[in-house]
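Heads up, the thing below is written out as structure tokens.
The values are calculated or read from the model by the stated rules, or taken from the named source; none is laboratory data. Model, not experiment: these values are computed from the prediction. FYI the Cβ positions are ideal-geometry reconstructions off the backbone, even for glycines, and counts take in every protein chain you see. Calculation scope for accessible area: heavy atoms of the full protein, side chains included, ligands and nucleic acids excluded. Shrake-Rupley method; radii C 1.70, N 1.55, O 1.52, S 1.80 Å.
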Amino acid sequence: MRKIGPHILLFLLLATLASKGYSIALDSLQQLDTVWIVADKQSNSLLLDKLYSVRSNDATIGILQQDAGKMLQFLFPIQINSYGLGNISTISVRGTNDDHNSVYWNGLKVNSMTLGSTDISLIPAMLDGNDVINLQKNTHAIGGALNWQNIPDWRNNVKFKWRSDFNSFASFQNSFQLRVGNQRVQWHSAAYYQTAKNNFPYVDVYRFNNPIDTMEHNQLKAGGVLNSLFFKMKKQQTFSIHNWYNEKHKEVPSIMGTNEISGRNQKDKSIKTVAKYTKIFSDNELQISVAHTYDYLKYTDKRLPTDTFLFINSSYKTHRLVHTLSYSDSLKHQLHIQTGYTYEMDLANVKEYTKTITEHIGEVYGQLSWHLNDFNAAFKLSQPFTSYRYIRPQFVIDWQYTPKQKWYTLALHYADKYHFPDMNDRYWSPGGNPDLIPETAWSLALENKINVLKHRDKFLHNLNCNVDVYYTKIKNNIVWSPINSVLWSPKNIKVTQTYGSDLVLNYTLSEQRRFQFNLKTIYSFNKSTIVEDVNNEELKGKYLRYKPMHTFKSNFYIEQQYFGLGLNYMFQSLRFTDEENFDFFALKPYHILDAFITFKGNIKQQHDVQIIFKINNITNVAYQSIRSYAQPLRNYSISLIYNFSKSQNSVQ
């Protein structure tokens, strides 16, 4: 342990210096090396199969996205709602609200404590080595949970990557990644920086004759640093520490249909740190982690850009301290038990709350798993606790059948779900409602998975197909509604339901490193409706806002050693923007098509160079993700990527 201390101090010093050197924040960048994409993997559950993978040296769809939202959109059956280029983006799983979904980074929840949702534009599409992104649908989160884990590659290696992106609308991005280590110590470091004017042309569909206008007051500067340090100690012990600093300065433009010149600005800053310890015994395992996050948001608005005073000057400062412990053990008769707890202390200093808020949240759980031949089953019981409200114990039940050949899996899931009211809902002054109760739900899902792997001559055929059917019912939905002519307040007034099916099909044909063909298709059918509304009985059966019934996404990529060609396609059906479902306010269906070509070469097998030319929105479609927020027409990007890799295959 004496040798480890200096390494930790050196890591913290480097992280601090890097954070100060980049006092501007992460937005949307991306670097992938080897990324395992695991759909429907539930923490502590049975479905841990790797359904499909994306590798950067294959130049498949994952590495060709320049922002996290678009990358995730094409990898998973999820919906990304964007407020425009460079602006806020949120995630929706199975037709749920944005604050019904959780996002984790190395086990640390990164959702906003005040709003409950996660701004996906603040997450870098920048993954490294064996990093994992997985989507969990059958958890206690009402919608689902997106997890990003940094995982080391315990080999003697040195890897370096540099990427530069030159985009339309004076947008430039640069990033680098360094990964170095041996069988005992691994260090991963990454930094990124972006500037953009984002003065893109758009069709203003809310003005007479639908003129083409130019977006103004939409500049951004963003950057950040990520560092991870891993130690493999004696007696099967590992220790890791992760640090993520990011900052983003963004002008907030006016919405369509107005002649207003915006004077709004937003600044986001965040520092996240996670430390983990793992000890593996003969038949059991112990994991302990401690994490802290600091988030700062400042929003200002001048009524007129020429004003010298601020009409709105609001700042949010929040801290989150998390401690987790997990212990698992293998018993007789093919039984496996796992138990643990999560404790979280949240502190918010927001001017509009009138006082500093401190809350305690956590969960104690136990899980029993059983395996017999081709069958698996698991039962999980958890008791959430909070200093705010009591909620009953929660249950998760999993059942799975997989034949010995492992080409097919049938699974059935039941899960209780819940969501505590966000801080803004309870403490915002005026309007906050301290008497809100938690939203509760239950979900039932049936999943079918097919995995076919065949070798024919020199070619490898890989087919993955996942079809799931689900139903979720949500009670005590929180909705802001008017209590007088000027004041709104949140209330538990709705019961909603969401049901549908997701189809994910992925086919890959490859011949070593000479040839590769990849086709991925995602189709989602979702119907999210109001079952009951206390204030308005006529809303029964109406569709929830911004939830499309049909979503179809497909991309293919073909590569022959030095040259590649690919397409991305997405269709979204009609979406209502009001609870009464008036067609006049609905967003029309739209089709988006992107195309890209790639050129790459290598020198002495250690140096790789790649050039990507991409055309976004080829057909020049005018569309909206959120009503009144403009999206860019046809635009272009060129990416230059350099990789250096030197490694030994021996792993201890």
How many lysine pairs are close in region 386-473, with Cα atoms under 23 Å apart and the two 8 or more places apart or on different chains?
5
In the set (i) 26.1; (ii) 29.6; (iii) 25.1, which value of Kirkwood radius over Cα pairs in Å was calculated from the structure you see?
(i)
Region 391-487: Rg to Rh, with Rh as the Kirkwood radius over Cα pairs:
1.28
Hey, any idea what % of the chain's accessible area is carbon plus sulfur with a 1.4 Å probe?
59 percent
When the chain is fully extended, how far beyond the present Cα-Cα distance does residue 437 get from residue 453, taking 0.36 nm per residue of separation?
0.8 nm
At R0 = 41 Å the Cβ-Cβ FRET efficiency linking residue 208 and residue 469, nearest 0.05, sits at 0.35
Run through the DSSP bridge list for the chain and note the antiparallel percent, rounded to the nearest 5.
95 percent
Evaluate the distance, in nm, between pseudo-label points positioned 7 Å from the Cα of residue 234 and of residue 410 along their respective Cα→Cβ axes.
5.2 nm
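When only the heavy atoms of the protein chains count and the probe is 1.4 Å, how do 473, 234, 221, 137 rank by accessible area, highest first?
Correct descending sequence by accessible area is 234, 221, 473, 137.
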Kindly provide the helix-only [θ] at 222 nm of the chain, computed as the sum of -39,500 (n - 2.57) over DSSP H runs of four or more divided by all residues, to the nearest 500 deg cm²/dmol?
-1500 deg cm²/dmol
In whole Å, what is the distance between the alpha-carbon centres of region 356-377 and region 197-222?
48 Å
If the cut-off is 15 Å between C-alpha atoms, which aspartates and glutamates fall inside it for residue 527, apart from same-chain ones fewer than 8 positions away?
468, 502, 579
Rounded to two decimal places and with Rh computed the Kirkwood way over Cα pairs, what is Rg over Rh for region 207-364?
1.19
What does the accessible area per residue of the chain come to in Å², with a 1.4 Å probe and no ligands, DNA or RNA counted?
46 Å²
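So if each residue of separation counts as 0.36 nm, and I subtract the Cα-Cα distance between residue 166 and residue 286, what length gain in nm does that give?
On the way: separation 120, 0.36 × 120 = 43.20 nm, distance 4.63 nm.
So the chain would gain 38.6 nm between residue 166 and residue 286.
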Want the number for residue 356 to residue 611: 0.36 nm per residue separation, take away the alpha-carbon distance, what's left?
86.7 nm
Under 12 Å from the Cα of residue 614 - aspartates and glutamates, other chains or at least 8 residues apart:
165, 594
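May I ask which of 250/542; 272/298; 70/494 have a Cα-Cα span longer than 26 Å here? Don't jump to the answer; show the numbers that get you there.
Working: 250/542 36 Å; 272/298 18 Å; 70/494 31 Å.
Exceeds cut-off: 250/542; 70/494.
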Considering the Cα positions of region 177-252, please state its Rg to one decimal place and its Dmax as a whole number of Å.
22.2, 73
Within region 57-204, the percent of DSSP beta bridges that are antiparallel, given to the nearest 5, stands at 90 percent
Can you list the lysines whose alpha carbon sits under 26 Å from that of residue 279, skipping same-chain ones fewer than 8 residues off?
3, 41, 50, 109, 232, 234, 235, 332, 380
